[in-house]
Amino acid sequence: MHFPAGSAARLADDYLGEFACALEARLVCHGRRPRSNAERVELTFAPAAVPASELALLASAPASELALLGAQRARLWIPAAELRALASRSPTARGLASALDAALWAPGAPAVMGIVNVTPDSFSDGGQQLDPARAIAHGRELLAQGADWLDVGGESTRPGAQAVAAEVECERVVPVVAALAAAGAGVSIDTTKARVARAALEQGAQVVNDVSAGRFDPELLALVAERGAGLILMHMQGTPQDMQRAPHYADVVDEVARHLRARARAAWLAGISPARIALDPGFGFGKDLEHNLALMRALPELRSLGFPLCLGVSRKSFLGRLSGEREPARRGSETLAMLVLGAELGAELHRVHEVAPARAALSVVQALVDRGAG
């Protein structure tokens, strides 16, 4: 996982400090990443955090336009160069410029995270790798296909899935994590439980992928900080048991962004370096079709929070809603379409069931980016 260049202290202050979180600055991208510092940009923020004098300063900049959308949100349209010119005189402009920098920051080469579900009931491949030997063999095959990471999980988080005791989860994942880490794999443990995460980290896992973003187990963030591990924080409305019953948002992008920012701050306050944090919008976790599509279009906006993005769309049911394919294992083409779009919109880490086609598709995207940069 990568992070924008700069000192750790400044990064923490710009993205996770008290004022930065109160400002809630984001770049509004309308489905594309900005390409140049020269263009006029649109940003949204919380005006309650900003003194009236600074609002007036932003509004007075050449070619700028400020709109107050009630007490909660404001929109600013301003040439990027003008915003940067104000940054030395205005904490608000500096905060907005940091959001712009994060969205403009070029993603690293796309990384592929292969899924190893050691579960009987995952939505797509439940039961296929419940036996540890089969799970280990599957992980090694994904490595051979070009996986950068392997995400090992022992508890299904599909809609309606029932919780699994930590003891059972450990029995499922610990031997698999140990064998794959010994084989040289970068291993992520997909769990919400500190006990499971600790056991996996002791066997060589390097990242904790928590769909609850540290909300289900209060000990998990402290554990990640203690071990110096990486952390993927995901947004989920509700729990796996009830998240798809009736998902509802006034503004899904705003609410997901606010949640992810708050959880990243909680991780930072627990002692986790911002350089070890990635964010996941949580496609399919308490979202309907339109929510998922809105979040996909908003990936550049979520990038402006200042952290790498993990994209977990592989074989998801909303893809079947779009294509008509009812069988999850046959949604490979739909998954690849979303991976390519996600990479273009700024996602860096792609969590997939099928590594070889993902690796091939993303290598084409990267080749286009590399040649364009040259």
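Which value in deg cm²/dmol, rounded to the nearest 500, describes the helix-derived mean residue ellipticity at 222 nm for the chain, given -39,500 (n - 2.57) per DSSP H run of n ≥ 4 and division by the residue count?
Working: 15 runs with 164 residues, N = 374.
Rounded to the nearest 500, it is -13000 deg cm²/dmol.
Can you work out the base-10 log of I(q)/I(0) for the chain at q = 0.08, 0.12, 0.14 1/Å, using the Debye formula on its C-alpha atoms alone? Results for the chain at q = 0.08, 0.12, 0.14 Å⁻¹ read -0.40, -0.88, -1.18.
Taking every DSSP bridge with both residues inside the chain, close to 35 percent are antiparallel.
Only one residue of A264, I115, V364 has its Cα farthest out toward the positive end of the dipole of the chain, where Lys and Arg carry +1 and Asp and Glu -1 on Cβ, and that residue is V364.
May I ask you to list the trypsin sites (Lys or Arg not before Pro) in segment 184-245 that are in a DSSP loop and have at most 11 other Cβ atoms within 10 Å of their Cβ?
Working: sites: K193, R195, R198, R215, R227, R245; in loops: K193, R215, R245.
Qualifying residues, ordered by number: R245.
If you run the Gaussian network model on the chain, springs between alpha carbon atoms under 10 Å, then out of G146, G184, G286 the most flexible one is G184.
Report, in degrees rounded to the nearest 10, the 0 to 90 angle that the Cα long axis of helix 166-182 makes with the longest principal axis of the chain. Taking Cα atoms only, the helix is inclined about 90 degrees. Expressed per residue, the C-alpha convex hull volume of segment 264-374 stands at 119 Å³. With distances taken between every two different alpha-carbon atoms, segment 8-104 has a Kirkwood hydrodynamic radius of 13.2 Å. Panel order for H291, H259, by other beta carbons found within 10 Å of each beta carbon, from fewest to most: H259, H291. Return one number: the angle in degrees, 0 to 90 and rounded to the nearest 10, between the long axis of the Cα atoms of helix 91-104 and the longest principal axis of the Cα atoms of the chain. The two axes meet at around 50 degrees.
Around E334, what is the net charge, scoring Lys/Arg as +1 and Asp/Glu as -1 over all other residues with Cβ under 14 Å from its Cβ?
Counting the neighbours of E334, the net charge comes to +3.
Bear in mind that the values in this text are calculations on the coordinates, not laboratory data. Owing to the predicted nature of the structure, the values given are computational and were not obtained by experimental measurement. Heads up, the Cβs are rebuilt from the backbone with ideal geometry, glycines too, and the neighbour counts pull from every protein chain shown.
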